[in-house]
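Data block below; observations after.
The values are calculated or read from the model by the stated rules, or taken from the named source; none is laboratory data. Just so it is clear, the model here is predicted, and its values are computed rather than measured. For neighbour counting, all protein chains shown are included, and Cβ atoms are generated from backbone atoms with ideal geometry for every residue, glycine included. SASA here: full protein model, heavy atoms, side chains in, ligands and nucleic acids out. Shrake-Rupley method; radii C 1.70, N 1.55, O 1.52, S 1.80 Å.
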Amino acid sequence: MKKSLIILSILLPAGLLAFFALAPAADPIIEARVFHFYIVTFFTFAAVVAAYLMGLVLGEDSPARHRLLATAFVVMGSLFFIHGVLTPNVLTVVQNPGIRWASWFTFSVGGLIFLVATRDRPERPLPLTRVRTVHLLTGGFTTVFALIVFFQPDWLQAIDNKANPWHALAAFIFTFVIWTAAAYLLWRIWRTTRSRVDGVMVLIAVWLAIGTVSMHGFELWRLSWWLYHVLLLMGAITAVAVLIQSYEQLRRFRLTYYYLAIGLIATAALTLWASHLVAEFVQQGINSEVETILMGTGIARAELPDMTQMVINARITGLWVAGLAMGTLFAALLIIVNRADRLILRRTEELAQANAELKAAEALRDDLTDMIVHDLRTPLTSMNLSLDLLKRTLNDESKAAQRERFVQTANRSAADMLQLVNQLLDVAKLEAGQLRLNYGEHSLAKLLQEKTAVFQPQLLASQKHFTVALPDNLPLIRMDADLIDRVVDNLLGNALKYTNAGGQITLRAQRAGNKLVVAIADDGEGIDPTKANQIFDKFYQVQDANGRPLRRGTGLGLSFCKMVVEAHNGRIWVESKEGEGSTFYFALPLVSQNGVLSEVGANGDGPKRAAAAKTD
């Protein structure tokens, strides 16, 4: 807000009040009761709805003083709504003292809320419990006051009779001091934060301090008296506008909130308008009848009974009929809008999740590309170097032994490349269900002993201890021996990789009910228990605190093992503690005498049954 407009918005109302105080004759009387009723009730209702919804959306992440700004206008709007409803000769012919008390409390209670808001400072935020206490106290006060106004207005009249005019003077001084103090303290906060909302709160406090003078210091229905209505409306509109501009969550599209705000305000406007039309129609009918009577009988107008109550009854009837009709339509549409909003919210969350998954897939693809390029580059570089050295020593017979080593290195590099490519293809086939299992009855004990012999040189070279515990009576098992061989190969390779020199690796197998369980244990670095299930995911790699993979690799080995074991109706899992090593288990079902495979349950021992796969 421009500085010149801020200064003008303060000096203009203050100057007008000063002028009317010095020249009372220039202060016109504008007694527009019906206009007062409709304007006050509509704008206070709209302010309450808008401020309340903003308070809901702001949440606890915004400063407490900004939430209290919304609270202040909810409370002030509610109290001033009572002031509008009690406008004489609109809905009632009774002069209710609550109309004056409602305007007093609108300003005084609002000022107290602003004063509490000044306790919320950047260096010492206001506790949430204090904010909730303010909500509870102001809500309770407004409710009790409304009950007194509508059911026991004599209590207020009794106070007026005994304390007038001193209570009015006390209310003026008290309210003016509150708003002045709030303006000063909020200005000090604004000097620190330079927040737009804090600056607007200072401006609103100044406006309402001027409004206090307009309300208490000038005669009813004078233009100077109308000024505090204008200042209060300016404060509500400015507060709503600055909160919407300052907080992103208030600008986010929520269909239900938009509908509630616009629908309630529109319903109130149409209800008041319909009531006004009904009252005008009745008024015109009465005037027409009165003119007919006067012309036909010659009776003086003063001798006719007062028709004000008839117009009031018509206005109340119009309010009830229009309110019920518009309220029913509003409620019906709210159900539809709320359902649509939930659908939109669910679809938005699904799109956000899909977008996040897409980004994760793109990141995974990039990581996978880097891993594959790295894993292919190493054997390719080795192969290229070996072939280059082989070419240089091809005609030198003294280096025949070296040529043999170069050929072996090239062959080993080519085998590594082929293994990576086959691993990728096999995982893809397993996922697509295209890899057929070549079943046969095999001795798992023999397969494990053969793998022990294969890994023995590597174990000795790396100075790691290896223990094998295989019972003599392990039964034959129906399986694809080549695939299970690769499963054991992967698990033993991982144990070898993650066990330090001098460490222990144990391979054991045993029969447990209708299954055969193989365990490969190491005393290496272990795995975070929270990652135990993730390590079997495709391309998953254990990462350090900075998100970098701890070891190079494609992340396909354990995923391949899981797919193969599950294709055999088995189960694979890991038990591990960080710093204490890991034990990988896989369980395969045994074949019963009737040729049916027992499917291993979720806990590795279940008695589920599944038809045995056909042997290719």
Within region 102-134, considering residues that are surrounded by 22 or more Cβ atoms within 10 Å (Cβ to Cβ) and among the small types (Gly, Ala, Ser), the one nearest to HIS216 (Cα to Cα): SER103
Some residue of region 495-507 being open to solvent by less than 50 Å² (accessible area, probe 1.4 Å), among the polar types (S, T, N, Q) and assigned to a loop (DSSP other than H, G, I, E, B): yes
Inter-residue pairs, beta-carbon under 7 Å, first touching a residue at least 60 places away in the same chain (Cβ under 8 Å) and in region 43-63, second β-branched (Val, Ile, Thr) and buried (at least 21 other Cβ atoms within 10 Å of the Cβ), 6+ apart: ALA50/VAL240; ALA51/VAL74; ALA51/VAL240; MET54/VAL240
Subset tally (residues that are closer than 30 Å to ASP198 by Cβ, out of contact with any helix residue (DSSP H, G or I) (no Cβ under 7 Å at 6 or more places or on another chain) and outside any helix (DSSP H, G or I)) for region 122-173: 3
Region 472-487 residues that are among the hydroxyl-bearing types (Ser, Thr, Tyr), paired with ones that are in a strand (DSSP E or B) (beta carbon under 6 Å, 6 or more apart): none
Exclusive hit being free of Cβ contacts under 8 Å to residues at least 40 places away in the same chain and within 24 Å of ALA241 (Cα to Cα), set VAL131, VAL109: VAL109
Residue within region 18-40 that is free of Cβ contacts under 8 Å to residues at least 12 places away in the same chain, open to solvent by 50 Å² or more (accessible area, probe 1.4 Å) and in a loop (DSSP other than H, G, I, E, B) present: no
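Name the one entry in ALA209, ALA205, ALA239, ALA182 that is part of a helix (DSSP H, G or I) and at pLDDT below 95.
Values: ALA209 fails: at pLDDT below 95; ALA205 fails: at pLDDT below 95; ALA182 fails: at pLDDT below 95.
Checking each option against the conditions leaves just ALA239.
In region 422-439, how many residues are at pLDDT 75 or above and either open to solvent by less than 60 Å² (accessible area, probe 1.4 Å) or over 20 Å from ALA481 (Cα atoms) (or both)?
Going through region 422-439 one residue at a time, the tally reaches 2.
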Contacts under 6 angstrom Cβ, first residue in region 554-581 being over 20 Å from THR506 (Cα atoms), partner among the aliphatic types (A, V, I, L, M) and in a helix (DSSP H, G or I), 6 or more apart: THR554/MET371; LEU556/VAL427; PHE560/VAL427; MET563/LEU430; VAL564/LEU483; VAL564/VAL487
Given (1) open to solvent by 50 Å² or more (accessible area, probe 1.4 Å); (2) closer than 20 Å to ARG196 by Cβ; (3) in a helix (DSSP H, G or I), index of the condition PHE81 fails: (2)
